[in-house]
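Visitor: A single structure is presented below for examination.
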Amino acid sequence: MDDLAEKTLADIRQLRARSRRLAHGGAWLPALLLAALVLVSMLLYRSPFGEPPAVPDFDTPDAGWWRHPFWAGLPAGSHSDVSAYLFWFVGLPLTVIVTGAWYRWRGSRLGMKIAWPWYAGVTCAVLALLAIIAAVPTRSVTPPFQAGWSGLLTPLVAVAVAAIALGVVERSLGLIVGGAWLGLIAGWNCALGVGELPGWLAWLLDGGDGSALGGQLTLFGLHRPGPVLILMTLPLLSVGLLGWWRARKVTR
Amino acid sequence: MTSTPESHPALSLDETTHQRVRLGILAVLSETTECTFAALRDQLELTDGNLSRHLRVLEEAGLVEVRKTFEDRRPRTWLKLTRNGRKALRAQLDAMEKLLARLRPGTEQD
């Protein structure tokens, strides 16, 4: 009886693992789509990698400056706030629509569905919430002031929540961690300024010497939007590419 | 000598879910929101008749929901684990784990 029960339990575990691999093997595409959306948002900035002009041209509206909420995603000079706004408010729902079509096709082909409407609902709700909260009249924040907690009003947080929701639906720890990482990096850069370090951290990195006024992280260009966006999408890209590689092997 | 007949894990085993195939059905369905009859049959390597028989038992017990649809002019049966079905699977697996722990050498109790 001991052996039989043990074998039954082992068989059930194996069966569940196989079913999970099959049913949840499609997460790679939405993960890559979310990462791609964040990476493409680099095009919204005036200088995603290079240094912005030391003295902004005050004659040109918005040149070199940025407004709060950060519709491009990060507090850095963008080409146009309206384009940035449209990019996220059209791009993210489009990503959700493509993801829905992918899951519908996959579910019909495999005969196994997952709770992707839940992911779609959470993503659209967070995006709508962002629009509503951002519409509340408030004092605008301009450099060199830090946005603080209000800096979290960025479309990047909506992408982070979408990745976490996808991770919950797909039962993927990698996606949940990837979403949390994206949210953490976005929150840090939006609350303090791109690449800005809080006083205590700058003091700690200096080996406990000097003042605690803060500093800026310039390693790998992490004080510019481009490298920051790449850094925040690394876990999502890894999960997506690894998933794609596994799915390719399964279908061969 | 602390165990009582009431607390023995064997008594927690449910007649409906303890059957090997039915436990397999619940296990596969627990990993998806909905699964087709054909996909479940392929996963469990069963015949249509055999799977239907076990599904009927699970449906009557309220552990599985059956939804019949037409897709591309073809009938398709979708199966879903109910909340009670999910609870029953968890309870069954817990009871089996506990039973095994008792039966393992060195952990046996009077």
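Values quoted throughout were computed directly from the atomic coordinates according to the rules given, and no laboratory measurement underlies them. Predicted, not measured: the structure shown is a model, and the values here were computed from it. Note that we place each Cβ from the backbone using ideal geometry, even for glycine, and neighbour counts take in every protein chain shown.
Visitor: Hey, what's the Kirkwood Rh for the range B:21-61 if you take every pair of different alpha carbons, in angstrom?
Guide: Mean inverse Cα-Cα distance, inverted, gives 10.2 Å.
Visitor: Once the other residues with Cβ under 14 Å from the Cβ of residue A:241 are scored (Lys, Arg +1; Asp, Glu -1), what is the net sum?
Guide: Values: positive: A:246, A:248, A:249; negative: none.
In short, +3.
Visitor: Separate question: Give the calculated FRET efficiency between residue B:98 and residue B:52 to the nearest 0.05, with a Förster radius of 30 Å applied to their Cβ-Cβ distance.
Guide: E between residue B:98 and residue B:52, to the nearest 0.05, is 0.40.
Visitor: Starting from the range B:8-81, pick out the trypsin sites (Lys or Arg not before Pro) whose DSSP state is loop and whose Cβ has at most 12 other Cβ atoms within 10 Å.
Guide: Details: sites: B:20, B:22, B:41, B:53, B:56, B:67, B:68, B:73, B:76, B:80; in loops: B:73.
Sites meeting the loop and neighbour criteria: B:73.
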